[in-house]
1. Kindly check whether there is at least one residue in the range 205-214 that is of a type in the set (Ser, Thr, Tyr), at pLDDT below 95 and more than 18 Å from the chain's Cα centre (by Cα).
2. Failed condition for Leu82, given (1) touching a Lys or Arg at 6+ places or on another chain (Cβ under 9 Å); (2) on the phi < 0 side of the Ramachandran plot, with all others met?
3. For Phe73, state whether it is among the aromatic types (Phe, Trp, Tyr), loosely packed, with under 13 Cβ neighbours inside 10 Å and under 18 Å from Val8 (Cα atoms).
4. Out of all the residues in the range 42-51, is one or more modelled with pLDDT of 95 or more, in contact with a Leu (Cβ under 8 Å, 6 or more places away or on another chain), buried (at least 17 other Cβ atoms within 10 Å of the Cβ) and part of a strand (DSSP E or B)?
5. Listed residues Ala145, Ala176; which is within 26 Å of Met100 (Cβ to Cβ), in contact with a strand residue (DSSP E or B) (Cβ under 9 Å, 6 or more places away or on another chain), at pLDDT 95 or above and not in a loop (DSSP other than H, G, I, E, B)?
6. Just a yes or no: is a residue in the range 32-40 part of a strand (DSSP E or B), under 30 Å from Lys132 (Cα atoms) and either at pLDDT below 95 or not basic (Lys, Arg) (or both)?
7. Regarding the range 87-98, can at least one residue be identified that is under 30 Å from Lys5 (Cβ atoms) and of a type in the set (Val, Ile, Thr)?
8. With the structure loaded, tell me whether Leu54 is surrounded by fewer than 16 Cβ atoms within 10 Å (Cβ to Cβ) and within 17 Å of the chain's Cα centre (by Cα) or whether it fails that test.
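The values are calculated or read from the model by the stated rules, or taken from the named source; none is laboratory data. Here the structure is a predicted model, which means the values were calculated and not measured. So basically every Cβ, Gly included, is an ideal-geometry build from the backbone, and we count neighbours across all protein chains shown.
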Amino acid sequence: MSLKKLEVHHVTKRIHGNIVLQDISCTFLAGKIYGLKGINGSGKTMLMRLLCGLIRPSEGEIFYDEKKLGIDFRFPPSVGILLENPSFLDSCTGLQNLKMIADINQKITEKEIRDTLFRVGLDPDDQRKYKKYSLGMKQRLGIAAAVMEKPDLLILDEPFNALDTSGIEMVSHLLAEEKKNGALVIFSCHDNEVLKMHSDQILELSEGRMVGESDEKEKDISYGCATSARSLGDAGLAGK
């Protein structure tokens with residue numbers, strides 16, 4: 001892993017004259033997991049879009065190890081992204097979809113793609129087309145696309161959505177593994193207990209402002225998996 005630090009300096013974003021993020025400043029360090037907390041419309045997804053270069057700030061700056069996003073490079077050199085609902089080609093299998101994405105950067109082999117599919121609980125030899133996938137399978141494929149190239153920065157927007165108990169446990173293990181491998185992980189989740197269980201630090205947004213920040217203690221991941229599954233299940237978010 002080459003990324004050591006991501007810094008956000010007084011970032012504001014306006015869209016059609018409306019302020020959607022206002023004066024955001026924060027620092028993210030590699031090898032840690034950061035949870036984003038906030039209701040729908042609080043600015044979580046917009047901040048994630050800014051961090052991965054999909055949109056530009058109206059004011060302020062974003063730095064990756066002293067290099068400025070939008071000036072020194074248009075997009076982070078090594079980033080994996082799951083934003084909102086994953087979308088792939090309906091007429092292709094999961095493996096075919098990931099191979100087409102991997103062909104862009106040509107960083108990984110087909111074996112590594114197949115290993116990633118196994119890692120998220122999908123069969124690389126499954127001949128079903130993407131249009132036949134359940135919501136949970138689509139979510140797993142989106143997560144696979146985000147992690148398959150072993151990115152320095154991993155951004156996951158509501159990764160637990162649409163997953164059953166085994167899927168929730170898979171994401172819990174995946175977050176821990178990515179942290180262990182030195183990645184900088186940023187994820188959002190509506191469930192406060194799940195955020196506490198997996199995050200080294202939680203950043204809370206409300207109406208586009210950073211309104212809270214808390215450090216979390218080290219957790220036992222096996223306990224975290226069970227708690228995540230129970231918590232999300234109780235909340236009715238663990239549907240297949």
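1. Initial filter on the range 205-214 (of a type in the set (Ser, Thr, Tyr)): 206, 214.
Subset that is at pLDDT below 95: 214.
Of the ones still in play, those that are also more than 18 Å from the chain's Cα centre (by Cα) are 214.
Yes, some residue in the range 205-214 is of a type in the set (Ser, Thr, Tyr), at pLDDT below 95 and more than 18 Å from the chain's Cα centre (by Cα).
2. (1)
3. Numbers: among the aromatic types (Phe, Trp, Tyr): yes; loosely packed, with under 13 Cβ neighbours inside 10 Å: yes; under 18 Å from Val8 (Cα atoms): yes.
Taking the combined requirement at face value, the residue satisfies it.
4. Start the filter on the range 42-51 by keeping residues that are modelled with pLDDT of 95 or more, which leaves 42-51.
This time we only want the ones that are in contact with a Leu (Cβ under 8 Å, 6 or more places away or on another chain), so: 42-51.
Checking which are buried (at least 17 other Cβ atoms within 10 Å of the Cβ) leaves us with 42-51.
Filter once more, so that each one left must be part of a strand (DSSP E or B): none.
The answer is no; no qualifying residue exists.
5. Details: Ala176 fails: within 26 Å of Met100 (Cβ to Cβ).
Ala145 is the lone residue from the list that is within 26 Å of Met100 (Cβ to Cβ), in contact with a strand residue (DSSP E or B) (Cβ under 9 Å, 6 or more places away or on another chain), at pLDDT 95 or above and not in a loop (DSSP other than H, G, I, E, B).
6. So in the range 32-40, the residues part of a strand (DSSP E or B) come out as 33-37.
Still in the running and under 30 Å from Lys132 (Cα atoms): none.
Looking for residues that are part of a strand (DSSP E or B), under 30 Å from Lys132 (Cα atoms) and either at pLDDT below 95 or not basic (Lys, Arg) (or both), one finds none in the range 32-40, hence no.
7. no
8. Values: surrounded by fewer than 16 Cβ atoms within 10 Å (Cβ to Cβ): yes; within 17 Å of the chain's Cα centre (by Cα): yes.
Judged against the criteria, Leu54 is a match.
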